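Below is one structure; the comments refer to it alone.
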Amino acid sequence: MSYQVSYPLTIKGELTEPLSRGLWLVKWLLGIPHFIVLAVLWVAAIVVTIIAFFAIAFTGKYPKDLFDFVVGVMRWTWRVGFYSYEALGTDKYPPFSLEPQADYPADLNVEYPEKLSQGLVWIKWWLLAIPHYLIVAFFQGGGHKYRFGLVHILSIFAGFAVLFTDSGKYPPEMFKFVMGMNRWSYRVLAYALLMTDKYPPFSLD
């Protein structure tokens, strides 16, 4: 019997091979322009989420324009993560864009909710999400000044596999596991950012 998780966040990451054997060693440097822009965008996204919190608490609605902006920031973040050390899944440089890019191997989307609970908004982002926060902290290295979790460790192992093995290929089972951890993490992020009332599944699928 098969079981498929249905969740309002979808995340795409298509492994693009062949990968450069050594480019991953300098992606931390190549990603700096994105890291700087994303630092500013995430400050704005947090402010937007605070505004959305009060909008949901009083109206049950997440303003659509604000919602689309936060989705865009998450999408941009995922593209950069997929290119760099959240997956090392492509050598194609990420676009500087909040919008969907059909020709890029990584994408993210969150379905817009027509109605959100005015009561859950007070507790879901901190109390209800605590079990997931503990797991995501392990995956993503949350709570550290410089995030470094299991997903980054496995991605770097995959980089060494590309660099040193005869095949020069990303181990497929490792890629599947890395994608699962990222999928879990971004679902929790969407829940914590008040974008859905649906509780994230404890699943890599």
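The values are calculated or read from the model by the stated rules, or taken from the named source; none is laboratory data. Predicted model, so just to flag it, every value in this text is computed and none were measured. Because the Cβ atoms are built from the backbone with ideal geometry, glycine has one as well, and the counts that use them run over all protein chains shown.
Please note which helices (runs of 4 or more DSSP H) are completely contained in the stretch 123-205 and include at least 1 residues that are under 30 Å from A57 (Cα atoms) and out of contact with any strand residue (DSSP E or B) (no Cβ under 7 Å at 6 or more places or on another chain). Break it down into steps so the answer makes sense when it comes.
Working: elements: 130-140, 150-164, 172-192.
Passing ranges, in order: 130-140, 172-192.
Limited to the stretch 56-103, what total is found for residues that are small (G, A, S), crowded, with 17+ Cβ neighbours inside 10 Å and in a helix (DSSP H, G or I)?
First, pick out the residues of the stretch 56-103 that are small (G, A, S): 57, 60, 72, 81, 84, 87, 89, 97, 102.
Cutting the leftovers down to crowded, with 17+ Cβ neighbours inside 10 Å gives us 72, 81, 84, 87, 89.
Next cut, in a helix (DSSP H, G or I) only: 72, 81.
Count: 2.
Among I46, I11, which is at pLDDT 95 or above, within 18 Å of L98 (Cβ to Cβ) and in contact with a helix residue (DSSP H, G or I) (Cβ under 6 Å, 6 or more places away or on another chain)? Give the derivation first.
On the way: I46 fails: in contact with a helix residue (DSSP H, G or I) (Cβ under 6 Å, 6 or more places away or on another chain).
Going through I46, I11 in turn, the sole match is I11.
Could you pull out the residue among F96, F138 that is under 23 Å from E14 (Cβ atoms) and of a type in the set (F, W, Y)?
Numbers: F138 fails: under 23 Å from E14 (Cβ atoms).
It is F96.
Starting from the stretch 57-76, keep only residues that are in contact (Cβ under 8 Å) with a residue 60 or more places away in the chain and over 22 Å from Q118 (Cβ atoms), then list their pairs with residues that are hydrophobic (A, V, I, L, M, F, W, C) and not in a helix (DSSP H, G or I) whose Cβ atoms are within a distance under 7 Å, requiring at least 6 positions of separation or different chains.
Listed by first residue and then by second, the contacts come to M74/L108.
Return the residues of the stretch 65-120 that are over 30 Å from F54 (Cα atoms) and of a type in the set (D, E); say none if nothing qualifies.
Listed by number, the residues that qualify are E86, D91, D103.
Mind checking whether some residue in the stretch 83-105 is within 16 Å of D197 (Cα to Cα) and polar (S, T, N, Q)?
The initial filter retains those residues of the stretch 83-105 that are within 16 Å of D197 (Cα to Cα), namely none.
No, the stretch 83-105 contains no residue that is within 16 Å of D197 (Cα to Cα) and polar (S, T, N, Q).
Residues L163, L108, L127: which one is touching a residue at least 40 places away in the same chain (Cβ under 8 Å), over 24 Å from K12 (Cα atoms) and of a type in the set (A, V, I, L, M, F, W, C)?
Of L163, L108, L127, the one residue that is touching a residue at least 40 places away in the same chain (Cβ under 8 Å), over 24 Å from K12 (Cα atoms) and of a type in the set (A, V, I, L, M, F, W, C) is L163.
For residues that are of a type in the set (S, T, N, Q) and surrounded by fewer than 15 Cβ atoms within 10 Å (Cβ to Cβ), scanning just the stretch 148-205, find the one that is nearest to V48 (Cα to Cα). Before you say what the answer is, go through the steps one by one.
Taking the stretch 148-205 as the starting set, the residues that turn out to be of a type in the set (S, T, N, Q) are 155, 165, 167, 182, 185, 196, 203.
Applying the additional criterion that residues be surrounded by fewer than 15 Cβ atoms within 10 Å (Cβ to Cβ) yields 165, 167, 203.
On the way: T165: 46, S167: 46, S203: 28 Å.
So the residue we want is S203.
Is at least one residue of the stretch 119-134 over 16 Å from A192 (Cβ atoms) and either among the charged types (D, E, K, R) or more than 14 Å from the chain's Cα centre (by Cα) (or both)? Before you say what the answer is, go through the steps one by one.
Initially, the stretch 119-134 is screened for residues over 16 Å from A192 (Cβ atoms), giving 119.
Now narrow it down to the ones that are either among the charged types (D, E, K, R) or more than 14 Å from the chain's Cα centre (by Cα) (or both): 119.
Yes, the stretch 119-134 contains at least one residue that is over 16 Å from A192 (Cβ atoms) and either among the charged types (D, E, K, R) or more than 14 Å from the chain's Cα centre (by Cα) (or both).
If you check every pair at least six apart or on different chains, which have Cβ atoms under 9 Å apart with a residue in the stretch 12-28 that is within 9 Å of V162 (Cβ to Cβ) and of a type in the set (K, R) first and a residue that is surrounded by fewer than 15 Cβ atoms within 10 Å (Cβ to Cβ) and modelled with pLDDT under 95 second?
Qualifying pairs under 9 Å: R21/G168.
Taking into account only those residues within the stretch 1-24 that are under 21 Å from N182 (Cα atoms) and of a type in the set (A, V, I, L, M), which is surrounded by the fewest Cβ atoms within 10 Å (Cβ to Cβ)? Don't jump to the end; show me each part of the working.
From the stretch 1-24, those under 21 Å from N182 (Cα atoms) are 3-17, 19, 24; that's our starting set.
When the remaining residues are screened for being of a type in the set (A, V, I, L, M), the result is 5, 9, 11, 15, 19.
Working: V5: 13, L9: 21, I11: 22, L15: 19, L19: 20.
So, considering only residues that are under 21 Å from N182 (Cα atoms) and of a type in the set (A, V, I, L, M), the one surrounded by the fewest Cβ atoms within 10 Å (Cβ to Cβ) is V5.
Taking the condition touching a Phe, Trp or Tyr at 6+ places or on another chain (Cβ under 7 Å) and in contact (Cβ under 8 Å) with a residue 24 or more places away in the chain, does F53 pass?
Working: touching a Phe, Trp or Tyr at 6+ places or on another chain (Cβ under 7 Å): no; in contact (Cβ under 8 Å) with a residue 24 or more places away in the chain: yes.
So F53 fails the test.
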